[in-house]
1. Whenever you get a sec, compute what percent of the accessible area on region 55-98 sits on carbon and sulfur atoms (1.4 Å probe).
2. Please give the net charge around A125, taking every other residue with its beta carbon less than 15 angstrom from that of A125, where Lys and Arg add +1 and Asp and Glu add -1.
3. Work out how much length L63 to L137 would gain on full extension: take 0.36 nm times their residue separation and subtract the Cα-Cα distance, in nm to one decimal.
4. What's the local net charge at L62, with K and R +1, D and E -1, over the other residues with C-beta under 15 Å away?
5. Rank these residues by their accessible area, most exposed first, probe 1.4 Å: L39, L130.
6. Just by accessible area at a 1.4 angstrom probe, what is the order of T115, T74 from largest to smallest?
7. Show the residues, 5+ positions off or on another chain, whose built amide H is closer than 5 Å to the amide H of F99.
Amino acid sequence: MSLTMSGLTPDSAHLPTRAVRILVADDHEVMRLGIRNLLESVANWSVYAEAKSGREAVDIALLSSPDIIIMDITMPEMNGLEAAARIAAERPDIPVIMFSLHLSEDVVGRFKTGTIRGAVAKSEAARDLLEAVRSVLAGGTFFPEKHSQAAAE
């Protein structure tokens, strides 16, 4: 039996074999679908649950322990920052990436601690979201240095 497998590169040989379970929380269905499609383009990544409100995100996260949460800031019932704080109070090991149109320097500066391990502007999702998830899953963080004008609006 050979340990060499065709098609594997040195990088792919270290990919996790277990699926990464991702919770996506955003109140817009079309946005959730787009995020799902982008995230599930990566082998072994699965959006196993979606939440339409901050309260629903808290309930799902505490019951099912996702590997990572992508969370919109502006949602009904409870905003994403409040939801992340409630999740952190009981499960600080579940990392959250904030995902919003509203990523001013002031907002990002307020959540560079604790369970919030990253931030991605919706306008930059195609460029930054996969990198942010990879960084956070590897134990790092992902906070944009500068924000585009559209992301700050």
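1. Roughly 52 percent of what the probe reaches on region 55-98 is carbon or sulfur.
2. -1
3. 24.6 nm
4. -2
5. Result, largest first: L130, L39.
6. Per-residue accessible area, sorted high to low, gives T74, T115.
7. Here M71, D72, I73, V120 satisfy the definition.
The values are calculated or read from the model by the stated rules, or taken from the named source; none is laboratory data. It should be emphasised that the depicted structure is a prediction, and the values quoted were computed from it without experimental measurement. Positions of Cβ are backbone-derived with ideal geometry, glycine not excepted, and every protein chain shown enters the neighbour counts. Heavy atoms of the whole protein, side chains included, go into the accessibility calculation; ligands, DNA and RNA do not. Shrake-Rupley method; radii C 1.70, N 1.55, O 1.52, S 1.80 Å.
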